[in-house]
Structures are given as structure tokens and as C-alpha cells.
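Okay, so here's the structure we're looking at.
The values are calculated or read from the model by the stated rules, or taken from the named source; none is laboratory data. Please read all numbers here as calculations on a predicted model, not as lab measurements. Backbone-built Cβ (ideal geometry, glycine too); neighbour counts: all protein chains shown.
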Amino acid sequence: MRTYGETIFAEMTRLAVETESVNLGQGFPDTDGPRSLLENASRNILEGVNQYPPGPGRPELRRAVSRYRSRHYGLDFDPDTEVYVTVGATAGIAASLLALVDHGDEVIVFEPMYDSYAAMISLAGGVRRSVALRRDAATGRFTFDPAELRAAVTPRTRLIMVNSPHNPTGTVFTAAELEEIASLCREHDLIAVTDEVYEFLTFDDHRHIPLATLAGMRERTLSISSVGKTFAVTAWKTGWVSGPEPLVRAVRTVNQFLTFSANGALQLAIADALDNEDAWVEEQRAALQGKRDRLAAGLIGAGFDVDMSEGTYFLMADIRPLGYEDGEDVARALPREAGVAAVPAKVFYDHEDEGRHLVRFAFCKRDKVLDEAVARLDRWRSEKG
Ligand SMILES: Cc1ncc(COP(=O)(O)O)c(C=O)c1O
């Protein structure tokens, strides 16, 4: 792990605090989740739900996960054997990769990628094969070249990691894109691990389609999601893995030695929210869409080229119109010079040049915070001339 060092999010957040910057780097909302969720969790703690829950998770949460996957996507999972609760999606990803990747196995990932994938594939002894998501000039969205994806498969390929809605590009994979992935999995007998933490945060007419709903995929897909983004409680670190029993059993075998179980009082409250807070989630989705538009317009006004975001908390901004080439230089300078923090996109890439000119901004903040960031960026740009 020597090459990994401190994550860029920790570094940028520290820099943001030191410089009293508006932090649009790390993706966490600055408002709370639904009141009922917070009250239920507090009550559970006060009423004594404070000892180890069962390793696979509280049955109430496993049943609620099973119900919402069925209600939203028509996917049916047995809550006793096909749903497993983890310490955030992060532990679900870790346990899945450690369980399924053997030394020397190849894992296909799309780059840019959420940073835990690379680290966990390394810890499992696996080898990354990255396929680029590139900006399509005609549509302004990031997508992959199916031929490049096919060429990444070798006899050693074991698994493909799929994140949609995608951090950091905001791409929500279409049915056609998912079918490209699914047909490859079926042809080469690959397992898919899907990171769906932004499943309910999609904009305009884009909607999340779980890969497991495609023909032949339910039996070869581990789907991972968590409470953090859906209910704006990123500190709660409670996630879940659902999939066919043999794959979930493998995750369970590993996870019992990673964390064994996750916070029980929160699990009960989350179960209730998954059943009863669809309206709150829809309100949040609509509000985030407005925030995306607000920040995108502001960044364009401040001289950035902004790419379309179909989902998540994020949008990507091209710094070249401002006369810069390297997003890392800009992201390091912005807190001190402008009082705004963002993340250089190249940290999400294996092939850093692909993302050199991009910076990622988070828009999951109150409107006045977004407006303040934009005002500071405007000032910074005019001072720079
Ligand atoms: C793509 C992606 N996966 C997973 C996570 C982490 O989820 P959790 O907080 O549930 O561990 C994040 C958080 O930023 C993310 O962006």
C-alpha cells in the first residue's frame, strides 16, 4: 500500500479548513436527512439498541432492502441469504473484492473511478484493467468505447466493477451501455460488482437501471448500495450487498473478519426510512438537480467549461478555457487564491493524462454556499485577468 499515501479528499479537506474555503471537494451534503430517520436512530439508542446486531445485519433492514429492490426494480432477494449489511458501501466493496478476486485475477474497472476500487483490488492481489470513460463531444456525457471494453477481457479476467450513477463524471449508464457490459459478462462468465450508492440521485429523465435486472445478470451480480447519499447521512456508514446466495455467502465469510457487523441502532432506523421516505428522497433528487444547474451556470460564468451531470453529487469542469492545463495545480491553488476547494480529476484515473484538464466540484450544498463559491471564483478569475 506504500504507493497510496493520504487520499486527496483528506488533503483537500484539510486545506479547505486551513484556508476557510468553501469546500466543494468532498461529496457530503451540508443539510441533514429526513427528521424521522434522525429521531428513530436517537430513540433506538436511548431505548437500548446498543449491542452487536447479527453479523449479516438486522433482519428488519435486510427485509427493507429486499422490499425496496423489489418495489423499485422488480428484483427479488431473499433477505436471509441474499442480502448482507456492511459498514458503508466501502466495506461492501472491500469484502466483495477480497472474497472474489484471487492473486493475479484481472478486474475491469472504468476510469475515472472511485478511489477505493484500486486500493482494494491491490489488497486482494488482483490486477486492474481500466477502460476509459471519455467525453462524447456530441452529447457532452462521458461514455466508453464498447470495442475498448471488449479488448480489456483476457483469460485472466474474473470480475468487472461497474459504478452507475458514476462518480466523478455524473454519467448514468443507459440500457444499451449496460447491455454491452452484460453481454460480455455472459460470454466470458464474469462476475459483476456494482456500486449503486447514487441510485436515487439522478436528474432530468435519467433513471438508474441496476445491472442485475438485465438478462442473465442476477445470478452473477453483487449489487452494493448504502444509506449515505440516499438519505444525506454520509457519516452513518451503513451499506448493503445483494446478490445470489453463493456470492453473498462469500462476502459474508470475508466480512465477518473485517467488521463482523454494522451499527444496529442505525440499521433499524434506516429500515423504516427505506419503507417510508420515498417522498423525501424524491424531494432531495429534485433539489439536487436545481443545485447542479445553479453551480453549472455559476462555473460557466466564471470561465470553466462544464460537462453535463446526469446523476450523483458531482460535475466535472474543464479548466482549459481559463488558460490552465493541469487540474492538480488549479485544485491546489484554489483554496489559497480563491477560497474554494475542489478535487483534481486525475486522482480518479489510472492514465492520469485522460483527466488532467478536469476538476470535480460537488454541488450537494446549500444554495447560499454554492453562490458564495461562485462569487469567490468570479473574483479569482477577474483578479487573474
Ligand atoms: C462511488 C462511491 N462509492 C462508494 C462510496 C462510499 O460509500 P459509503 O459512505 O457508504 O461507504 C462513495 C462515497 O463518496 C462513492 O462516491
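Numbers for the structure displayed
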| read-out | value |
| --- | --- |
| Close pairs (6 angstrom Cβ cut-off, 6 or more residues apart or separate chains): at negative phi in the range 208-224, in a loop (DSSP other than H, G, I, E, B) and of a type in the set (Asp, Glu) anywhere | His208/Glu199; Ser223/Glu196 |
| Positions within the range 340-371 being among the basic types (Lys, Arg) and over 22 Å from Asp32 (Cα atoms), in sequence order | Lys346, Arg356, Arg360 |
| Residues that are part of a loop (DSSP other than H, G, I, E, B) and of a type in the set (Gly, Ala, Ser), drawn from the range 17-68 | Ser21, Gly25, Gly27, Gly33, Gly48, Gly55, Gly57 |
| Count of residues meeting criterion [in contact with a Pro (Cβ under 7 Å, 6 or more places away or on another chain) and either closer than 12 Å to Leu358 by Cβ or not assigned by TED's automatic domain parsing to the domain that holds Phe361 (or both)] in the range 296-329 | 6 |
| Condition check for Asp378: modelled with pLDDT of 95 or more, farther than 19 Å from Phe142 by Cβ and part of a helix (DSSP H, G or I) | yes |
| Leu288, sole failed condition from (1) within 16 Å of the ligand (Cβ to nearest atom); (2) assigned by TED's automatic domain parsing to the domain that holds Thr90 | (2) |
| Residue within the range 278-291 that is over 24 Å from Phe142 (Cβ atoms) and among the aromatic types (Phe, Trp, Tyr) present | yes |
| Glu325 vs. criteria over 22 Å from the mean Cα position of the chain (by Cα) and not in a helix (DSSP H, G or I) | yes |
| Which listed residue is of a type outside the set (Gly, Ala, Ser), surrounded by fewer than 17 Cβ atoms within 10 Å (Cβ to Cβ) and in contact with a Ser or Thr (Cβ under 7 Å, 6 or more places away or on another chain), from Arg320, Arg366, Arg292 | Arg366 |
| Thr194 vs. criteria within 13 Å of the ligand (Cβ to nearest atom) and of a type in the set (S, T, N, Q) | yes |
| Residue satisfying condition, being without any contact (Cβ under 8 Å) to a residue 40 or more places away in the chain, in contact with a helix residue (DSSP H, G or I) (Cβ under 8 Å, 6 or more places away or on another chain), under 20 Å from Val85 (Cβ atoms) and in the same structural domain as Ile270 (by TED's automatic domain parsing), within set Thr194, Thr230 | Thr194 |
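The rows are residues; the columns are (1) within 16 Å of the ligand (Cβ to nearest atom); (2) outside any loop (DSSP other than H, G, I, E, B).
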| residue | (1), (2) |
| --- | --- |
| Arg207 | no, no |
| Ser225 | yes, yes |
| Lys229 | yes, yes |
| Ala235 | yes, yes |
| Val241 | yes, yes |
| Ser261 | yes, no |
| Leu266 | yes, yes |
| Ala269 | yes, yes |
| Ala273 | yes, yes |
